[in-house]
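The values are calculated or read from the model by the stated rules, or taken from the named source; none is laboratory data. Because the structure is predicted, anything quoted here is derived from the model rather than measured. No Cβ is skipped: glycine too gets one built from the backbone with ideal geometry, and neighbour counts run over all protein chains shown. Just the protein is used for accessible areas: all its heavy atoms, side chains included, with ligands, DNA and RNA removed. Shrake-Rupley method; radii C 1.70, N 1.55, O 1.52, S 1.80 Å.
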Amino acid sequence: MNVQEERINPFFLPYDTPHNVAPFDRIRLEDFEEAMLEGIRRDDEQIEKVINNPEKPTFDNTIISVDDEKEGDNYYDLLGRVTTVFFNLLSAETNDEMDALAQKMSPILTKHANDIRLNEKLFERIQYVHRHHRKLTPEEQMLLNNCYEGFVRSGALLDAAGKERLRQLTEEASMLSLQFSQNLLKENKAFTLHITDEAQLDGLPDSAREAAALAAKEQEKEGWVFTLDFPSYSPFMTYSTQRDLRRQLYMAKNTECIHDNTENNIAICKRLINLRRELAQLLGHKTYADYVLKRRMAGNVRNVYKLLNELVAAYKPTAVKEVKEVEKMARKMEGPDFELQPWDFGFYAHKLKLKRYNIDAEMLRPYFELSKVIDGVFGLANRLYGITFKENKAIPVYHPDVKAYEVFDKDGSFLAVFYADFHPRKGKQGGAWMTEYQGQWIDRKGVNNRPHVSVVMNLTKPTEEKPALLTLGEVETFLHEFGHSLHGMFANTRFESLSGTNVWWDFVELPSQFMENFSIEKAFLRTFAFHYQTGEPLPDELIRRIVRSRNFNVAYACMRQLSFGLLDMAYYTKKEPFDDDIIAFEKKAWEKAMVMKQLPDTCMTVQFSHIMAGGYAAGYYSYKWAEVLDADAFSVFKKHGIFDEKTAQSFRENILSKGGTENPMTLYKRFRGGEPTIDALLKRNGIKR
């Protein structure tokens, strides 16, 4: 009789995988809680060692031990290891059991984080080092400052009553953020538009019909199924001639989480706004925005509003003109009394774009076959930086859709692991994001531990008839997230907490938005855009039309982003308790950026993950802030050549590899030779000649 060996939790063992990647094939649901609790125990043990160290506090025996346990010999950050995997999967591949476990563990993890940041003996040692430290390298100084300020911003200077209140606020906010995301995912996946009458598919291109047929088949239904996932939603709103169905889909999307059910997020949003306001005021700030912006390039509320208002003034006249032109097109087609509604805008804007430029996303799809786009994006990185990608099927993945690659530097040395997760599915949040399963750091022995970077997207899926054929917008999304991944892959810092994308929030979008610039460059398109059936390259004439149409409705799109930034700031500059009607408050908050009439029964706030659950609270302006930077930075490449290796090397060395080791404006000026101006963005968008 064979005695079955006792199974050991894989988080407790050396992974014994290529490049020490997470062993997804061995991890079970029950492993997470056990490893989290053991990780908390080990953290507590480590903290006790630090605070009971009889030696005088130093940078090495206090700051490194607290902030970057990986520096310790024979010690790895178990809690970081397991929570990284768990919370990444919670976004990319969740289920009811994982959601329930997240609800259970979230307050425990928040309490543990508070226990560390509010530990008085530990803070005394950190405070001592901060006051009496020896001469440090710039990177060590940044780590020390971050550590000290992190403790202060987490309540270390509060009295006992203040610390207890802070615990209550952060634990409640953590739970509500999680609930917000879970509600939104459930609402998103609950809705389907099921069509059985083929006449109701009028206007839809073959790609949309085939995807909807596949979705219906997967749900064991007849006909066609459309969802609120972007690759399904967007083509329907752009092409469908069925105005009633467009309205149905639009209203489903824009009323998520305001229905009278358990997924309603209105009360959660109000509470989160108030929790963050109270937290900031407890820590001595007037508003949550004041608290956040102390650690941002923008610096203060005034500078954020200056940027937003300057852009509103610059773009709104053009945006109003753009909307009027779409209205004119609609009335030309439907009659002089036709009243344009939000569910009409995409449809008639597409008709106008087609008439004006003879360009359409479906014309381009055959040239953007996913495998070729991957080759193109990887090829761009090779041409700029000399790096190469090689798929390695021995690297475990968390879903069959995911591809895992080894990345090698130009000298042939191993650089990173890169995971790519392309398509929507049931347990996956909407949108696109980059994350890491392991950051980069250099240990005491000088070993450079390389990162494991992941890009998660919701791109058009292959069908039974065709491979995955993308829109140009989806190519831009891929480039955007890939830019984030390069920031992670090129990381070359001593401390993991300063590596890669661990930068100030309004700097983090520069590498990603910078990469989007390549999407309309002929020299780049020529490297991969070939017809998936004939192999013919994307014709020069189509490229010319892409370039000519680049700024079509660019001001309208800008105003949409600015409206989100204004809404975000309106919530998080509140000084008094917030008890307004969320929907009414929203309409007023972004009114100056509105160029179409607002509907009274729709709401963005309750599904605005960025500012409620995604870390962008009082920070959504960052996209426009970084857009100023990316336009300015790309102008350097345009001047010297978009593939110029010397310029690319400077961008890599001065920005991509430095992480958060220095002030981001210092890094940017080192690359650019000066501070950015808004001029390059205005010129790129055709607002300024």
Given the conditions (1) among the β-branched types (Val, Ile, Thr); (2) closer than 30 Å to Ser635 by Cβ; (3) assigned to a loop (DSSP other than H, G, I, E, B), and given that Thr463 satisfies all but one, which numbered condition is not satisfied?
(2)
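Here's the yes/no breakdown for (1) touching a Lys or Arg at 6+ places or on another chain (Cβ under 9 Å); (2) more than 29 Å from Gln607 (Cβ to Cβ):
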| residue | (1), (2) |
| --- | --- |
| Gly155 | yes, yes |
| Ala161 | no, yes |
| Leu169 | yes, no |
| Lys189 | yes, no |
| Leu201 | yes, no |
| Ala213 | no, no |
| Glu220 | no, no |
| Thr227 | yes, no |
Can you find a residue in the stretch 154-176 that is of a type in the set (Ser, Thr, Tyr), assigned to a helix (DSSP H, G or I) and exposed (fewer than 15 other Cβ atoms within 10 Å of the Cβ)?
no
Count, please, the residues in the stretch 114-138 that happen to be open to solvent by 40 Å² or more (accessible area, probe 1.4 Å) and part of a helix (DSSP H, G or I).
10
Considering every residue within the stretch 286-297, establish whether at least one is hydrophobic (A, V, I, L, M, F, W, C), assigned to a loop (DSSP other than H, G, I, E, B), open to solvent by less than 40 Å² (accessible area, probe 1.4 Å) and at pLDDT below 95.
yes
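Condition test on Asn95, is it within 18 Å of Leu169 (Cα to Cα) and of a type outside the set (A, V, I, L, M)?
For Asn95, the condition - within 18 Å of Leu169 (Cα to Cα) and of a type outside the set (A, V, I, L, M) - is not met.
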Set Asp31, Asp67, Asp25, Asp60: member being modelled with pLDDT under 95 and over 15 Å from Leu122 (Cβ atoms):
Asp60
Which numbered condition Ile273 misses (of (1) in contact (Cβ under 8 Å) with a residue 40 or more places away in the chain; (2) surrounded by fewer than 20 Cβ atoms within 10 Å (Cβ to Cβ); (3) not charged (D, E, K, R)):
(2)
Could you list, in sequence order, the residues of the stretch 430-440 that are buried (at least 22 other Cβ atoms within 10 Å of the Cβ) and out of contact with any His (no Cβ under 9 Å at 6 or more places or on another chain)?
Gln440
Residues satisfying the stated conditions in the stretch 181-235, i.e. among the charged types (D, E, K, R) and within 28 Å of the chain's Cα centre (by Cα):
Lys186, Glu187, Lys189, Asp229
Candidates Thr661, Thr647 - the one that is closer than 16 Å to His487 by Cβ, among the β-branched types (Val, Ile, Thr) and at pLDDT 95 or above:
Thr661
When restricted to Asp443, Asp421, the only residue among the charged types (D, E, K, R), buried (at least 19 other Cβ atoms within 10 Å of the Cβ) and touching a helix residue (DSSP H, G or I) at 6+ places or on another chain (Cβ under 9 Å) is Asp421
In the stretch 329-353, what residues are surrounded by fewer than 15 Cβ atoms within 10 Å (Cβ to Cβ), touching a residue at least 12 places away in the same chain (Cβ under 8 Å) and assigned to a loop (DSSP other than H, G, I, E, B)?
none
Checking Val373, Val456, Val407 in turn, the sole residue that is at pLDDT 95 or above, β-branched (Val, Ile, Thr) and more than 21 Å from Pro23 (Cα to Cα) turns out to be Val373
Could you check the stretch 212-236 and list, in sequence order, the residues that are open to solvent by 20 Å² or more (accessible area, probe 1.4 Å) and under 20 Å from Tyr348 (Cα atoms)?
Phe230, Pro231, Ser232, Tyr233, Ser234
Looking at the stretch 653-669, I want the residues that are assigned to a helix (DSSP H, G or I) and have a partner that is of a type in the set (Asp, Glu) with Cβ atoms under 9 Å, at least 6 apart or on another chain. Which pairs are those?
Pro664/Asp506; Met665/Glu675; Tyr668/Asp632; Tyr668/Glu675; Lys669/Glu675
Please work out which residue is surrounded by the most Cβ atoms within 10 Å (Cβ to Cβ), limiting yourself to the stretch 184-211 and to residues that are among the hydrophobic types (A, V, I, L, M, F, W, C) and more than 17 Å from Asn254 (Cβ to Cβ).
Ala211
So, in the stretch 538-550, of the ones that are in contact (Cβ under 8 Å) with a residue 40 or more places away in the chain and not β-branched (Val, Ile, Thr), which residue ends up farthest from Leu352 (Cα to Cα)?
Leu538
Which listed residue is of a type in the set (A, V, I, L, M), buried (at least 20 other Cβ atoms within 10 Å of the Cβ), over 24 Å from Asn95 (Cβ atoms) and over 18 Å from the mean Cα position of the chain (by Cα), from Leu486, Leu479, Leu469:
Leu469
